[in-house]
Amino acid sequence: MTFNHYILFLKMNAKIFFLIFFIQPFFISCQSESSDEMKVEVVASHSNIGTTSVVPVQLSESKIQNFPFQILALGKITASIQAKMSFKTSGTIEKILISNGSKVKESQILAILENEQQKIVLQQAKDILLDARLELNKLVLEYGGKDRDTNSVSKRILENIKSKSGLNKALTNLRDAQLKLENTFIKAPYSGVIANLKTKEFNPSTSNEPFCVILSHENLVVEVSILESELEIIQLGQPAKIKSLAYPDRLYNGVITEINPFVSDQGLILLKVKIIHPDQYLLEGMNCQVIIEKILKSQVIVPKEAIVERSGKKVVFVYENGVAKWNYVTISHENSQEVAISEGLSGGQKVIVKGNLNLGHDAKVEIIH
């Protein structure tokens, strides 16, 4: 390196040193300002943690009173008396005198098969019977009896001449012909409503499926299943309420008429609830809701809104001197609006029913109306 190069090197290093010395305080100043701002934010955030807000709540009061325990179950309406009607003989359907939904009375004719042949056979049987009676009377006279007086001969002789005249056989043939003609008619065995009529006139009768079904509209029941645990409040003769899903505004009275003494694999028990005074709005197979109610005496009762969950347990918050105190509770029964508490509460306590979803123990609260 020459002398001139050495002098140039010293001058350049002197400039770099001057820049470093001059700029360093500026960076230090900026860094301290940034640190101060971070400290202010940290202090501010810590100050927010210590503040607690007052939660507005609404109150109710736990009461000791009778509790209307309800069991709600879905089921289907069925007619406890129903008959599948079919012709007792084959043939062509001549007349159908009813339609689906028709109300019929006991012994009313529903339909008729073509029966000219059966009528002829019946008339022939009547003619044969008439001949047999004439022959009988002739034999009575021959055996010393009086004209048209079968009592004028002994019983032994009368039995003998009845057989000899063909009277017994003629009576049997007549009854057979009458039955064959009767079998061309379908008659209602009881009063009811016609359902599932599918056959048309002038078609052959079939033995594969019923001609129609007669439902006894006065004997409608709802079949429902309840939980095994609910059986303790159920008994025969207990009243119930029934609502059809099709007409929810119509409420019917019912009574429990049957409890099947069998628990299914799902833990269910089948009940039958007879509908008192059913009307035309209720149909076979209709879906219904059954409400079975029983009054449980002297229960601690709170509104359903008072119950919240904490860690999978039922909790009720009680208002005490401006703070919320939580109480673990045990629910014994519930209905659509209230619950009965068996443990954890007593009567006359102020329970929080609104504003309780996000409350904690000892949270400050303010009563609103």
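Structural remarks
- Qualifying residue in segment 49-65 (condition: farther than 30 Å from E223 by Cα, at pLDDT below 90 and not in a loop (DSSP other than H, G, I, E, B)): yes
- Hey, L227 at pLDDT 90 or above, on the phi < 0 side of the Ramachandran plot, surrounded by fewer than 15 Cβ atoms within 10 Å (Cβ to Cβ) and hydrophobic (A, V, I, L, M, F, W, C) or not: yes
- If you go through segment 166-189 and keep only what is closer than 17 Å to G91 by Cβ, in a helix (DSSP H, G or I) and among the basic types (K, R), you end up with just K180.
- Criterion applied to S336, S346 was being among the small types (G, A, S), surrounded by fewer than 17 Cβ atoms within 10 Å (Cβ to Cβ), modelled with pLDDT under 90 and assigned to a loop (DSSP other than H, G, I, E, B), and the one residue passing it is S336.
- Pick from segment 64-110, criterion of a type outside the set (A, V, I, L, M, F, W, C) and touching a Phe, Trp or Tyr at 6+ places or on another chain (Cβ under 6 Å), ranking: nearest to A177 (Cα to Cα): S86
- Among the conditions (1) surrounded by 16 or more Cβ atoms within 10 Å (Cβ to Cβ); (2) hydrophobic (A, V, I, L, M, F, W, C); (3) over 30 Å from G101 (Cα atoms), the only one that L296 does not satisfy is (1).
- Scope segment 254-295; condition assigned to a strand (DSSP E or B) and of a type in the set (D, E, K, R); matching residues: E258, K272, K274, E293, K294
- Listed conditions (1) among the polar types (S, T, N, Q); (2) more than 14 Å from L282 (Cα to Cα); (3) over 20 Å from the mean Cα position of the chain (by Cα) are all met by S225, apart from (3).
- Unique match (being in contact (Cβ under 8 Å) with a residue 12 or more places away in the chain and farther than 30 Å from F87 by Cα) among Y190, Y252: Y252
The values are calculated or read from the model by the stated rules, or taken from the named source; none is laboratory data. Worth saying up front: this structure is predicted, and the values here are computed from it rather than measured. When we count neighbours, we look across all protein chains shown, and the Cβ atoms used for this are built from the backbone with ideal geometry, even at glycine.
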